[in-house]
Amino acid sequence: MTADFSQIRRIEHLPARIASHIGKEIAEGRVMAGEKLPTEHILAKTFGVSRSVVREAIAQLRNEGLVETRQGVGAFVTEALRRGSIRIEQADLHDRESFRSLFQLRMPLEIEAAGLAAVHHDDADLKKLDDSLARMTGAEKWTDQGIVADLVFHRALAAATHNEYYPLFIGFIAERISLAINAARAAAVLEEIVEVTIAEHVAIRDAVATRDPLVARTAMRHHIMGAAGRLDLTLEVY
């Protein structure tokens with residue numbers, strides 16, 4: 001069964017929509033660099049959602065480099081726009097070709113990240129990978145929380161490179177890939193696709209743990225090609 005990309009807008013989750021709205025406000029200059037965003041409580045009331053949804057939206061904006069959070073103070077717009085920011089609106093990702101392009105970009109970024117993580121990770125990084133895998137394989141793996149744990153795994157892997165730019169770019173892409181994960185789940189037998197996806201992540205984790213960059217790169221390549229295949233996307237590989 002082939003993924004129906006026409007359903008992407010319908011399954012886009014609330015945090016992504018809220019992050020997109022705030023990101024547009026920042027991009028168009030209605031919220032300036034250095035300015036503090038309204039509190040979680042105010043944003044929750046404004047958008048009519050829970051504070052946990054707002055926190056997830058702020059996390060997405062942080063991954064995109066648009067805001068920085070200061071503990072006990074709040075979220076502030078960064079100077080990213082002055083340096084020239086990169087932004088792909090969720091509304092632009094609604095057909096097969098746009099997702100194919102995003103997966104093609106994902107290939108060099110995440111394969112290289114896996115190799116670097118194998119070389120540079122520390123015990124704390126490995127624990128974060130294990131924690132996200134525990135969530136992926138637990139009782140919540142059939143729910144949206146399984147998708148959240150999947151994205152957390154990729155962010156943790158990016159952080160394990162100990163290169164500050166990988167979390168920025170991979171975190172940004174991961175939020176958009178979440179829509180594709182939903183589409184793939186909707187198009188296949190859920191039990192099969194979840195178990196295959198988990199096995200691919202376990203292989204990546206184990207390769208990183210052995211500190212073998214070549215094996216880690218191979219495992220990530222296998223995962224991305226598999227994920228693309230589950231969406232009936234063909235990637236150019238040389």
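Check whether at least one residue in the stretch 7-18 is modelled with pLDDT under 85, under 18 Å from Glu64 (Cα atoms) and among the hydrophobic types (A, V, I, L, M, F, W, C), and report yes or no. Even if it seems obvious, please write down each step before you answer.
Residues of the stretch 7-18 that are modelled with pLDDT under 85, as a first pass: 7-17.
Retained after the next criterion (residues that are under 18 Å from Glu64 (Cα atoms)): 12-17.
Narrowing the set further to residues that are among the hydrophobic types (A, V, I, L, M, F, W, C) leaves 14, 16.
Scanning the stretch 7-18, I find at least one residue that is modelled with pLDDT under 85, under 18 Å from Glu64 (Cα atoms) and among the hydrophobic types (A, V, I, L, M, F, W, C), so the answer is yes.
Would you tally the residues in the stretch 49-94 being surrounded by 13 or more Cβ atoms within 10 Å (Cβ to Cβ), modelled with pLDDT of 85 or more and part of a loop (DSSP other than H, G, I, E, B)?
The total comes to 1.
Of all residues in the stretch 95-115, which are aliphatic (A, V, I, L, M) and surrounded by 21 or more Cβ atoms within 10 Å (Cβ to Cβ)? Steps first, answer last, please.
Pass one, the stretch 95-115, residues aliphatic (A, V, I, L, M): 102, 105, 107, 109, 111, 113-114.
Scanning the stretch 95-115 gives Ala113, Ala114.
Looking only at residues in the stretch 19-45 that are surrounded by 13 or more Cβ atoms within 10 Å (Cβ to Cβ), over 18 Å from Ile147 (Cα atoms) and of a type in the set (A, V, I, L, M), which one is modelled with the lowest pLDDT?
Once the filter is applied, the top-ranked residue is Ala27.
Of everything in the stretch 21-73, what is of a type in the set (Gly, Ala, Ser) and within 30 Å of Asn163 (Cα to Cα)? Give them in sequence order. First the steps, then the outcome.
Within the stretch 21-73, the first condition is being of a type in the set (Gly, Ala, Ser), and the residues that meet it are 23, 27, 29, 33-34, 44, 48, 50, 52, 57, 59, 65, 72.
Result: Gly23, Ala27, Gly29, Ala33, Gly34, Ser52, Ala57, Ala59, Gly65, Gly72.
The values are calculated or read from the model by the stated rules, or taken from the named source; none is laboratory data. Model, not experiment: these values are computed from the prediction. Cβ sites come from the backbone with ideal geometry, for glycine too, and all protein chains shown count toward neighbours.
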